[in-house]
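The structure appears below as structure tokens.
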Amino acid sequence: MKYDAIVIGAGHNGLVCAAYLGRAGLRTLVLEAREAVGGMADLALTVGRLSPTVARELGLRRHGLRLVQPEVRVFAPQPDGRGLTLWGDAALTARELADNPLVEGEDADRYATVDGELRAIARSLGPVLSRIPPDFSWTTTRAAMRAAAGVARSDERLWHFMPMAVRDLLEGWFESDALRAAVAARGLLYTALGPRMPGTSGVLLTDAASSNSGLAGQSVFARGGPAAVSAALADAVREDGGEIRTAARVIHVKRTGDRTTGVVLEGGEEVDANVVVSNLDPKTTLLDLLEPEAIGPRLSWRAANIRQAGATASVTFTLRALPVFPAAYDDGRRLRGRILIAPSTRYLDLAMRPSRYGASAEQPLLEMTIPSLVDESQLPSGAGQVARVVAQATAFEADAKAIGDVVTRTLDQFAPGFAELVTDRKVFTPRDIQREYGAAGGHPMHAEVALDQWFEWRPMHGLGGYRMPLDGLYLCGSGAHPGGGVTGAPGRLAAARIVGDLKKGRLKVAA
Amino acid sequence: MAGGRGGQSYDAVIIGGGHNGLTCAAYLARAGLRVVVLERRHILGGATVTEEIVPGFKFSVASYVVSLLRPEIIRELDLVRHGLAVLPVDGTLTPTDDGGYLWRVDDHGVTLREIRRHSKRDAEAYEEYALLMAEMARFVKPLLGESAPSLGGLRDPRGLLGLAGFAQRFAALPEPQQTAFIQLLTMSSADFVSQWFEYEPLRATLSASGIIGTFLSPRTPGSAYILLHHYMGEVDGEYRAWGLPVGGTGAISGAIAAAAVEAGAELRTSAPVARITTRGGRAAGVVLESGEEIRASVVVSNADVRTTLGTLLEPGTLSAQQDAEMRGYKFRGSSGKVNFALSGLPTFSCLPAGTTDVYRGMVSISPSIDYLERAYDDAVDGRFSRSPYIDVGFPSAIDPSVAPPGKHVMACFVQYAPYELAEGTWDDQREAFGDTVLATIARYAPDLPGLIVGRQVLTPIDIERTFGLTEGNIFQGELLLEQLFSGRPMLGSGYATPVRDLWLCGSSTHPGGAISGAPGRNAAVAVLRARRGSPPRVAEAAA
């Protein structure tokens, strides 16, 4: 059987890419190693970064996707029982902050203004994230001039804010440490970075730009959990004639000279196609799917140096009853969004510090959702509630039980009695993430989201345009621009690149 | 312009006689301007100064080696004729945790043999790495000039031209150099060097160049740029060569001062400026603490941006937005300096007995990257590093003129010493800091404590008080990506300030700190261009 295009991996970006390729008329096959589609999107707590363009163009609503967003975005408790809440409505948030003893100086008054400022900067980043990055490995003066003009046209504030440390960004905006920490944590989520690290501001701005949100961020849930996004995408793929095979692990990309010719599955089966798109992480794509001679020693060395060390653990708790956070006691709605254990910037410093030594935090940065509060369909029968948590920093080598204990103990400090509510828990360390999903290093964003692996140079300089070094081989996952999160953006842009290459005659599919 | 109210009048008054202020003065005077430099201290040079703190011992009190001094400045100001003589500093010794050592010297063959002793792979990579970094230094050299490429903003045609020229030069680089340049701007120094090397003391010592003077750890992104910043230097055309001026770093200021005087500039010491005067929104001169008023058509400040715009300028001169931007500029000093007067040279126990060549180079206390990270964590926690990174030099072993016969000077640059302490004050902790530095070196040179004749401890608060460097930042502000190129000190400001006829010429401006003279020279070019309304040729300014 010959296909026009094969997508390796049915992660959400692989499905997005396949759906667009199918629409462009390519006979497309998605090969997924696991039994289920969706990949690491399963680990996402919220899905508010899903590109509205992708959702609209692929008709995800028609394919059954229902998104819900409670009014609350973030609830950030303190260990002493106090806390602060950021709502979707900036004015409501500001009113509440004005009466909150954790909030000092003019912060409550400034909140709405700063919210607008963040949104404005994020808006100027939007176009950068929704386009294929320019190629900076020019060889001609003309191309160099074009790139220079592009840089000159960009909003110069981006060059100021993107490289900043998120701690510095927030210090410029607010005086209250609790408020600074609640916002700054977004610059660290799913990374191995600390709040003093340059570039974390860029992570926050990227999150704001892709979720069209301000200081509070988003708290969008998919009915049925993040798997519902993948299910809708799989439907969209099939509608356009695409095929999806699960339990089909690709172990090798075939080539003739510099041309991709298909893939080899575990078990020896071969499937031919002129276009092969990898939704796997860049390191696995370049070093495991290809033999070293295909890319040569220089590229092999560069690929080995891609920074992909994950520092995030994922923990799912089944609880007897709803945990009690003293500061949310007055209003149960506060717990429906993201619950953030990031009480101070000092806490963030200490939570992320171990990642520089390859160790795990004793007091981790936690983000938790209780999806069952928003979506009863996610409630297993007999259980009180389900709480899903991501914990940082977690070492690759960390022991799952130890991490589970640390997370339970930490939550127990902020919601006294939490530990007694736990009836079951499931822990995924970075090593588990690597084993289960095949992401080398166990990084939920495939490659570290940092300034040195961003834009044109994600995953590396010269390969930021989705084309891999073999003709016909492409990258469509989070290891490509604009990076990780359940956005669908890399998948969409990779498909656009492929379709463009076909039109230009740069690439041919079988007639 | 006529003098008014009894005060003297000049074309240009320069606040601060640091090496950049003197450089700027020399260039302005050579262009025919009547220039006066006003230095707060009794001695010229700012942080580029030699002082006899312990009788008979001459300390390069603050900055201690030179590499980044622009060759064109040496040439144009004829600094050699004015007495500048630079001796090479040869080699870096890194004592290791296991009692061994890594000792790299200028002789490449010797160094490769030495590295091969620890790792064959690293020895092979070392050559490639050294070549690459030399190429990088060559590539960034034009960026050190006055026209920093402007990022964003079509409103600045010269910046755009700079950007286009830069893009063209970038395009001409082979891929490995393009990649390295992007990485040097964005990566951590530890990640950068670890791509090539596996031997931990080598990784640590190379990446330590990425933390000097900066509140970043080697594993913190942004430190690779600091590494590059330290590679930009050249002595006699050789990149990454460090030198020591005969007579200490003060001799550099002395030579530049002599050039300025020869060109007609007036240099005044013990003349602290109290404030900058303005008239009709333009700088009009300065008032000294003595009350003396000096008028000038331009005021150029060698003080840092916060001192200049936040302290010396009348409050309310800047708009709220400008004031906020200026206050957002980050200093956060994180370095200290301890200078020792010694009765003899210490013996490093890791070396074979009788080894003497080592004193002609530096000794780097950087056994592992984890060691440097822990040193950083202490600073984040608000205390000086319990086991600091120390760059140790023995200037008297290279230039005997700085110590009495048979006696020696040992200069120790120390990272980290945070300006803000969690508990207590630097005045309480100064001696404890000095003791920690001594004890740290004594781990590797046990006879050191018995050799001490005297010492001078400079904490960030001392650096601030003595040299007027805000928060004790030796670069007049952190070399963070958002504070480089057209972002230094504020987006698009360059050497100009929001106040007309008030200019900056210190390390707060592009291309930042170290004894380079580049900000001073670039500022002079910008001032002269503004005066003539058209861009002068540099040679013209220098003529």
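Every number here is computed from the coordinates shown, using simple stated rules; none is lab data. On a predicted model such as this, the values are computed, not experimentally measured, just so you know. So basically every Cβ, Gly included, is an ideal-geometry build from the backbone, and we count neighbours across all protein chains shown.
Helix B:120-140 and the long axis of chain B differ in direction by around 10°, with both axes built from C-alpha atoms. Suppose a student asked you for the relative contact order of chain A, using Cα pairs under 8 Å spaced at least 6 residues apart; what percent would you report? The normalised contact order for chain A reaches 24 percent. Computed from Cα positions, the angle between helix A:292-304 and the longest principal axis of chain A comes to roughly 20 degrees. Working from Cα pairs under 8 Å separated by at least six residues, relative contact order for the range A:157-255 is 24 percent.
In the range A:21-109, taking the dipole from charged Cβ atoms about the Cα centre, the farthest positive-side position among A:88, A:28, A:47 is held by A:28. Amide H contacts for residue A:45 (H built 1.01 Å from N in the peptide plane; partners 5 or more residues away or on another chain; cut-off under 5 Å): none found. Under 30 Å of direct C-alpha separation, and excluding same-chain neighbours fewer than eight residues apart, residue A:254 reaches these lysines: A:2, A:283, A:503, A:504, A:508.
Calculated FRET efficiency, residue B:269 to residue B:81, Cβ-Cβ distance, R0 = 30 Å: about 0.80 to the nearest 0.05. Note on B:181-188: average number of Cβ atoms from other chains within 10 Å of each residue's Cβ is 6.
Taking all Cα pairs closer than 8 Å and separated by 6 or more residues, the relative contact order of the range A:92-233 comes to 29 percent.
Remark: the range A:221-227, residue by residue, has Karplus-estimated 3J(HN,Hα) of 10, 9, 4, x, x, x, 4 Hz, where x stands for each Gly or Pro and the curve is 6.51 cos²θ - 1.76 cosθ + 1.60 at θ = phi - 60°. Taking the three principal axes of the alpha carbon atoms in chain B, the coordinate ranges are 70, 55, 48 Å, sorted in descending order.
Counted by Cβ distance under 12 Å from residue B:194, the other residues give a net charge of -1, where Lys and Arg count +1 and Asp and Glu count -1. The DSSP beta bridges internal to chain B are antiparallel in roughly 70% of cases. Dipole orientation for chain B: of the candidates B:511, B:62, B:283, B:283 has the Cα lying most toward the positive pole (charges on Cβ; Lys, Arg +1; Asp, Glu -1). Among the GluC sites (Glu not before Pro) in the range A:47-104, those located in a DSSP loop and surrounded by at most 16 other Cβ atoms within 10 Å of their own Cβ are A:71, A:104.
Computed from Cα positions, the angle between helix A:107-129 and the longest principal axis of chain A comes to roughly 0 degrees.
About the centre of its Cα atoms, the range A:384-453 shows a dipole size close to 160 debye [charges on the beta carbon of Lys, Arg (+1) and Asp, Glu (-1) only; nearest 20 debye]. Summarising the strand pairing of the protein assembly as shown, around 65 percent of its internal DSSP beta bridges are antiparallel. For the range A:291-360, trypsin sites (Lys or Arg not before Pro) meeting the loop criterion (DSSP other than H, G, I, E, B) and having at most 14 other Cβ atoms within 10 Å: A:320. Take every DSSP beta bridge whose two residues both sit in the range B:1-95; close to 40 percent of them are antiparallel.
Its DSSP H runs of at least 4 residues, each contributing -39,500 (n - 2.57), put the calculated 222 nm mean residue ellipticity of chain A at -10000 deg cm²/dmol, to the nearest 500.
Around the amide H of residue A:274, modelled in the peptide plane, lie the amide H atoms of A:510, all under 5 Å away and 5 or more residues distant in sequence or on another chain.
Partnerless cysteines in chain B, where a partner means another cysteine C-beta under 4.7 angstrom, comprise B:350, B:412. Placing unit charges on the Cβ atoms only, positive for Lys and Arg and negative for Asp and Glu, gives chain B a dipole magnitude near 1600 debye about its Cα centre.
What does the charge count near residue A:488 come to, summing +1 for each Lys or Arg and -1 for each Asp or Glu among other residues with Cβ under 13 Å from its Cβ? Residues close to residue A:488 contribute a combined charge of +2.
Charged side chains reduced to their Cβ positions (Lys and Arg at +1, Asp and Glu at -1) give the protein assembly as shown a dipole of some 2720 debye around its Cα centre. Spatially, the range A:477-506 and the range A:241-264 are offset by 18 Å when compared through their Cα centroids.
Look at the dipole of the range B:337-464 built from charges on Cβ: of B:393, B:440, B:359, the Cα furthest out on the positive end belongs to B:359.
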